[in-house]
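Trainee: Below: one structure in structure tokens.
The values are calculated or read from the model by the stated rules, or taken from the named source; none is laboratory data. Quantities reported herein were computed from a predicted structural model and do not represent experimental measurements. Remember, those area values only see protein heavy atoms, side chains included, never the ligands or the DNA or RNA. Shrake-Rupley method; radii C 1.70, N 1.55, O 1.52, S 1.80 Å.
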Amino acid sequence: LLVMVFVAGARIKHLLLIAMLAILVSPLFWVMMRPYQKMRIASVFLQSPHIQKLAETNPKATEKILGTKFVSRNWAAGYGFQLTRSKYAIASGGEKGHGFRHGPFVKYDRFLPESQNDFIFAIIAHQWGFYGSLGIIILYIIIFVCGVEIAHRNPDPFARLLAMGITVMLTVEVLVNISMTIGLMP
């Protein structure tokens, strides 16, 4: 929405003001969240053994922040399971991967459950390795550049906004999905 409003002619100063208001209001959303929602967001930070140790040594503060008691063993078997398995799948792909429909994370569903939807990038990296992952990212970059070019060259304001909206929406979804599978986002 913000990109489409910007393309439509909004000033950057106004968009920054909206972003600052969102940042100021975000602690209110944290208070209203349920413990499982807080744990999903906190899992990004809880990947670090150092932060896990801090969370276990300060149970009162952790319970106040997360709304529940933190135990690293439970985290690894619960909220952190998909994330750690996804990172194992990506790392096991190595440089060239195991090949199409080969490798333990493809053959055994218990290694990475629900790999066909949210964690598809991890399976691509597992099967095709670094080069295959890089190829997928390059293809998405090409789609993004073509979408921006279509939006830029289109004289019709509605078509320009539509092209930019679809392009940015797809790009954000790709960035969120890939970042989630490698542990950079919740």
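Trainee: So what are the three principal axis dimensions of segment 8-84 from its Cα atoms, in whole Å, longest to shortest?
Mentor: If we take the Cα atoms of segment 8-84, the spans are 51, 26, 21 Å.
Trainee: Moving to a separate point now. Report the relative contact order of segment 50-163, percent, no decimals, based on alpha-carbon pairs under 8 angstrom and at least 6 residues apart. Spell out each step's value before the answer.
Mentor: Working: 104 pairs, mean separation 22.2, N = 114.
RCO, segment 50-163: 19 percent.
Trainee: Can you give me the convex hull volume of the Cα atoms of segment 130-186, divided per residue and expressed in Å³? Don't skip to the answer; put the middle values down first.
Mentor: Details: hull volume 3.6 nm³, N = 57.
Normalising the Cα hull of segment 130-186 by residue number yields 63 Å³.
Trainee: For the chain, which semi-axes, largest first and in whole Å, follow from the square roots of 5 times the eigenvalues of its Cα gyration tensor? It would help to have the intermediate numbers written out before the result.
Mentor: Working: eigenvalues 227, 159, 24 Å².
Working through the eigenvalues yields semi-axes of 34, 28, 11 Å.
Trainee: Right, here's the next one. Sticking to Cα atoms, compute the Rg of segment 1-40 to one decimal and its Dmax as the biggest Cα-Cα distance, whole number, in Å.
Mentor: 14.1, 40
Trainee: Can I ask one more? Considering only lysines 8 or more places apart in sequence, or on different chains, count the pairs in the chain whose C-alpha atoms sit under 24 Å apart.
Mentor: Total qualifying Lys-Lys pairs in the chain comes to 12.
Trainee: I would also like to ask the following. Tell me, what % of the accessible area of segment 29-146 is carbon and sulfur with a 1.4 angstrom probe? Spell out each step's value before the answer.
Mentor: Numbers: 5010 of 7800 Å².
Carbon-and-sulfur percentage of accessible area, whole number: 64.
Trainee: Taking 0.36 nm per residue of sequence separation and subtracting the Cα-Cα distance, how much length would be gained by fully extending the chain between Phe158 and Val5, in nm to one decimal? Write out the running numbers ahead of the final one.
Mentor: Working: separation 153, 0.36 × 153 = 55.08 nm, distance 1.20 nm.
Gain on stretching Phe158 to Val5: 53.9 nm.
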